[in-house]
Amino acid sequence: MNIDGIIFDFDGVLIESEYAGNLQIARTLTGLGYPTTVDQALAKFVGLGGRDFLDAVAGHIGGPVPDAFHAERQAEDARVLAQGIDAVEGAIAFVRSLSGDLPRAIASSSTSHWIETHLAHIGLRDAFGPHIYSGREHVTRGKPAPDIYLHAAAQIGTDIARTLIIEDSPVGVTGAVASGAQVVGLAVGQHCGPDHEAILRRAGAPVVVHDFAAIARMVAGRLAA
């Protein structure tokens, strides 16, 4: 089956925000009296945003999220929005290699402001045009519901069954598979440990790759089919 379009997750697929963000979350929770390792944070919070993320934090600590946690998160978000975060290895070259007539979008749990700011930092703001979609802003149900992917596919005018979704988290893979798309799990970012492929496969990813070159070959092969 040909690929008519591509939908990218953002954090952990295009920028290295998952490890850095969850390291800060772990340190903040530990400092507030809730001992948390970065591995625990990665296991519980990767791929979540908005209310789903806060509910996961509340479940982890066994009670309401402290005001001090919100303040620390806001300060950290402001810092990284100003300074930027490195791109995932191979991400920029892959996006730039895509044919200009191949529709593409970002479907993320982050806010549009976060996505657009960091795309500008890594020099890819022009690569997606208006097709930046947030699970907090554009749909009622965020990941792991499939809604954000279905919305993104509709906006770029592609049949979801003929759309490739690139995801790095089990939450994202779950939603992407439920959407009916063709899904590839990406285990490239700094947050991806030795067992990350197995984690993504358990979430339903039929294919897991460890570099963008593998996706480039997949796209080239399917477009030529």
Can you tell me, using C-alpha contacts under 8 Å and at least 6 residues apart, the relative contact order of the range 17-83 as a whole percent? 27
Each label point is 7 Å from the Cα along the Cα-to-Cβ direction; what then is the distance between the points at residue 213 and residue 113, in nm? 4.0
The chain: D in µm²/s via Stokes-Einstein (Kirkwood Rh, Cα pairs, 25 °C, 0.890 mPa s)? 140
If you take the square roots of the eigenvalues of the alpha-carbon gyration tensor of the range 114-225 and sort them as a ≥ b ≥ c, do you get rounded (a/c under 1.5), prolate (a/b over b/c) or oblate? rounded
Pop out the ³J(HN,Hα) list for the range 87-103 in order, Karplus 6.51 cos²θ - 1.76 cosθ + 1.60 with θ = phi - 60°, rounded to Hz; leave Gly and Pro as x. 6, 5, 4, x, 5, 4, 4, 5, 4, 5, 7, 6, 4, x, 9, 8, x
Mean Kyte-Doolittle hydropathy of -0.5 or higher plus an axial Cα length of 20 Å or more: which whole DSSP H helices in the chain meet both? 17-31
For residue 202, placing the label point 7 angstrom along Cα-to-beta-carbon and taking the range 1-41, residues whose amide nitrogen sits under 17 Å are 39-41
Provide, for q = 0.23, 0.24 Å⁻¹, the log10 of I(q)/I(0) from a solvent-free Debye sum over equal Cα point scatterers in the range 17-83. -1.04, -1.14
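Bear in mind these aren't lab numbers, they're just calculated from the coordinates by the rules spelled out. The structure presented is a predicted model; accordingly, all values stated were derived computationally and were not measured. For neighbour counting, all protein chains shown are included, and Cβ atoms are generated from backbone atoms with ideal geometry for every residue, glycine included.
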